[in-house]
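See structure below.
No value in this document is a laboratory result; all are computed from the given coordinates. No experiment lies behind these values; they were computed from the predicted model shown. Heads up, the Cβs are rebuilt from the backbone with ideal geometry, glycines too, and the neighbour counts pull from every protein chain shown.
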Amino acid sequence: MFLSTSTKPYPIEITFFHVEQLKVWSHPCPYDFHYSEYWRDRFVTALQNNSSLYFNLHDKTDVDLAAHLTILHKQGICLKGKPIHKVFPTVPKFDYLDALLSDYNDCLDNMEHTPVYCILNLLRVYLFVKEERITSKQEAGFWGSHHLPQNINGIAKKALLAYETNTNAASFHTTELCLFKAYIDENVQQFLNA
């Protein structure tokens, strides 16, 4: 179902949990099933080869779930059933930061491949270590486009526009990506080492 409906028109990212996995928080968090476009090729290959490798991994855990559940608590909307705080455990701040930094370091290494995603994620981390603000990528991009120094706030504006229009087609010059990374990383390191 996800292979046939994801990206029509928007990509799906979804994680399934068993209620027992949510009773006591553990990091990285266990889960039953995850789908995202990042995993699409793995699922297609597994299905073509009649394999269930990615469907039946025994020890399925994900560091990123600390970030997803933190955002869920802060901005989630319950459409049906018990309130979010009654179902999902609260994530300790240290585990949330660990999830952010895992993605942060990956973005520092791979910004040229996914600049829109990485620019907005680096801004989320920066805002969290600076002000302990938990933000969406969109909120972080808006903040960056209005509060970063003039020589780099245009980079945040360009990433935000690409994100909001779902184009991700903005082109970034290597020089501006390096300038942006250097500024953000210098500031993040200062806050982490303070």
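Label-to-label distance for CYS78 and SER52 is 3.4 nm, based on points extended 7 Å past Cα in the beta-carbon direction. Considering only ALA46, ALA162, ALA99, the mean-square fluctuation computed in a Gaussian network model of the chain, springs between alpha carbons under 10 angstrom, is largest for ALA46.
Simple rule: put +1 on each Lys or Arg Cβ and -1 on each Asp or Glu Cβ in the chain, find the dipole, and look at SER26, PHE16, GLN150; the Cα lying farthest toward the positive end is PHE16.
Subtracting the Cα-Cα distance of PHE2 and THR61 from their residue separation scaled by 0.36 nm leaves 19.2 nm.
Using mean Cβ contacts within 10 Å as the protection proxy, how do 64-77, 10-23 order, highest first?
Taking the mean over residues of other Cβ atoms within 10 Å, the ranking is 64-77, 10-23.
Using a 4.7 Å Cβ-Cβ cutoff, the cysteines of the chain lacking any partner cysteine are CYS29, CYS78, CYS178.
When the chain is treated as a GNM with alpha-carbon contacts under 10 Å, the residue of ASN153, ASN121, ASN166 showing the greatest mean-square fluctuation is ASN166. Taking 21 Å as the limit for the C-alpha separation, the pairs LYS60/LYS181; LYS8/LYS157; LYS60/LYS137; LYS93/LYS130; LYS137/LYS158 exceed it in the case of LYS60/LYS181; LYS8/LYS157; LYS60/LYS137. Per residue of the chain, the DSSP helices (runs of n ≥ 4 H) give a summed -39500 (n - 2.57) that works out to -17500 deg cm²/dmol at 222 nm.
Comparing mean-square fluctuations of CYS107, CYS78, CYS178 from a GNM of the chain with C-alpha springs under 10 Å, the top value falls on CYS78.
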